[in-house]
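Notes for the one structure printed next.
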Amino acid sequence: MQEATSSEAVADFAREVAAGTGWEVAGVRRRASRLEPPHAYWVIFEVTIKKDEEERKLRLVARGAFDPNSWRHLKERLEREAGGRPCDPVGYIGYPRIIEDSQLAYWFYPFDLALPGLPWAADAETMWRVLSDLTGRNIDRLHVERVRYMPEISAILRYELDEPGGVKSSFYGKVQPGERGLRTYRIEEALWQRAQESDGLLKIAKPEGFIREYGMLLEGAAPGKAVKGDRETAEFFGVGRAAAEALAVIHESGLEPDERVDIEAELNRLDSVTEQFAYVDPKAHFLMSELVLHLRDRISRTYEEEMLPTHADLKYDQFMHEDGRYTLIDFDYFAMAETSYDIAKFCAYLVPSAPRGWEETVAAEATRRAFLLRYRELRPDATLDRFQVYEALSLALRAMTMMWMQHRGWEEAAQVFLVMAQERLNTRLPDLDA
């Protein structure tokens, strides 16, 4: 499988697919990978093709399964979804090509095994008709741009609209499996109303609708760009206060989502991750095993906190920023959880994974303190008895993500986060009155 997911092998396949089309493969670049041992492996490539002066950049997914049973199930799904149609990313759709000997398949975006509506959501002509009907606008031209694509998880698309009189507008569509987006749309509708009543403490993009045929949530554009990870900027420091304000409003919103974050389920997830580490990093496996034992011990000695509605994926890069205005996005995981859940997660993701120097670490800690101070200012009676537990848990899950993504040097970085998780578990909350 390693050979079949090399840039050389992908380039050979891309040249075979492009043969006879007039297009030539000009380059292949590995973009990302995801590992879920012992069952699944994904690698995403950018394939650049050229024809005369024209250039296109395609996304190719190499999707494999390690054990025979997983491969058998994957192959059955691939054959069912492909329906014998050819892999033609240049002229139509790059349906899967199965490589039996390697227990692997190649496909090209916008095909996706779990997102059957994606080819239509990515088609400008189709979406011109859909958005014209949905919004009632007279659209002269529509351009579709892929913003983010995670195979079998989601795709985010931006729709740029040109209207009469030079009017321009934008919408974002998020395609997910099944009707997950419908749930998010209903949550965002309720949160939109809370945001209008929050005196600016909570800002979200306006929900526009759910397009069932494509499994797509449609939203208005949030102003600005996602907050970047440069801990030493004013933009990054400001997101701490903005996150505290947004979370306080959500915690007081009174919403009752149908999903719940259960701490025992989170620990069971870590148990599963611990076994995955055993396949790829024995030291991290030991550190994770020890951490889970200490987490269970601490939980047994604390009381459950108040269960509140929460974002459930609160991180700095879930905020769009423009001119001091921060807009919170991505409510797919919205759920009921203990008070500390999102507070601790936000703090855990402030920590840089590869700090350039001590200044970044100090800046991250300053943002953490500002976030906690502002939240306690808005909700002084909130109980945070399990804050350390959830912060350690979130740091451990960051180590898990590093294992899945397989970036260079991930082993050492994952081990550092697991050591830090143990330290944070045994560290008191910062003295916010000092």
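Descriptive notes on the structure:
- Here is the figure for region 287-314: residues that are open to solvent by 10 Å² or more (accessible area, probe 1.4 Å) and under 16 Å from MET402 (Cβ atoms) total 1.
- Members of region 173-217 that are small (Gly, Ala, Ser) and on the phi < 0 side of the Ramachandran plot: GLY173, GLY181, ALA190, ALA195, SER198, ALA205
- Checking each residue of region 31-43 against the condition of being of a type in the set (A, V, I, L, M), touching a Phe, Trp or Tyr at 6+ places or on another chain (Cβ under 9 Å) and within 24 Å of TRP120 (Cβ to Cβ) gives no match.
- Condition check for LYS203: in contact with a His (Cβ under 9 Å, 6 or more places away or on another chain), touching a residue at least 40 places away in the same chain (Cβ under 8 Å), under 26 Å from ARG374 (Cβ atoms) and of a type in the set (Lys, Arg): no
- Leading residue by the ranking (surrounded by the most Cβ atoms within 10 Å (Cβ to Cβ)) among those in region 216-228 that are in contact with an Asp or Glu (Cβ under 7 Å, 6 or more places away or on another chain) and not acidic (Asp, Glu): LEU218
- Residue list for region 138-154, filter: farther than 16 Å from ALA221 by Cα, under 15 Å from the mean Cα position of the chain (by Cα) and of a type outside the set (S, T, N, Q): TYR149, MET150, PRO151, GLU152, ILE153
- Residue match in region 209-229 (condition: free of Cβ contacts under 8 Å to residues at least 40 places away in the same chain and over 30 Å from GLU360 (Cβ atoms)): yes
- For region 413-434, taking the residues that are among the polar types (S, T, N, Q) and part of a loop (DSSP other than H, G, I, E, B), the one that is least open to solvent (accessible area, probe 1.4 Å) is identified as THR427.
- Residues satisfying the stated conditions in region 256-302, i.e. among the aliphatic types (A, V, I, L, M), in a helix (DSSP H, G or I) and in contact (Cβ under 8 Å) with a residue 12 or more places away in the chain: ILE263, LEU267, LEU270, VAL273, VAL280, ALA284, LEU287, MET288, LEU291, VAL292, LEU295, ILE299
- Given (1) free of Cβ contacts under 8 Å to residues at least 40 places away in the same chain; (2) open to solvent by less than 50 Å² (accessible area, probe 1.4 Å); (3) under 27 Å from LYS225 (Cβ atoms); (4) not β-branched (Val, Ile, Thr), index of the condition TYR149 fails: (1)
The values are calculated or read from the model by the stated rules, or taken from the named source; none is laboratory data. In this text, all values refer to a predicted model and were calculated from it rather than measured experimentally. A quick note on method: Cβ atoms are made from the backbone with ideal geometry, for glycine too, and the neighbour counts reach across all protein chains shown. Side chains are part of the model used for accessible areas, which takes the heavy atoms of the whole protein and leaves out ligands, DNA and RNA. Shrake-Rupley method; radii C 1.70, N 1.55, O 1.52, S 1.80 Å.
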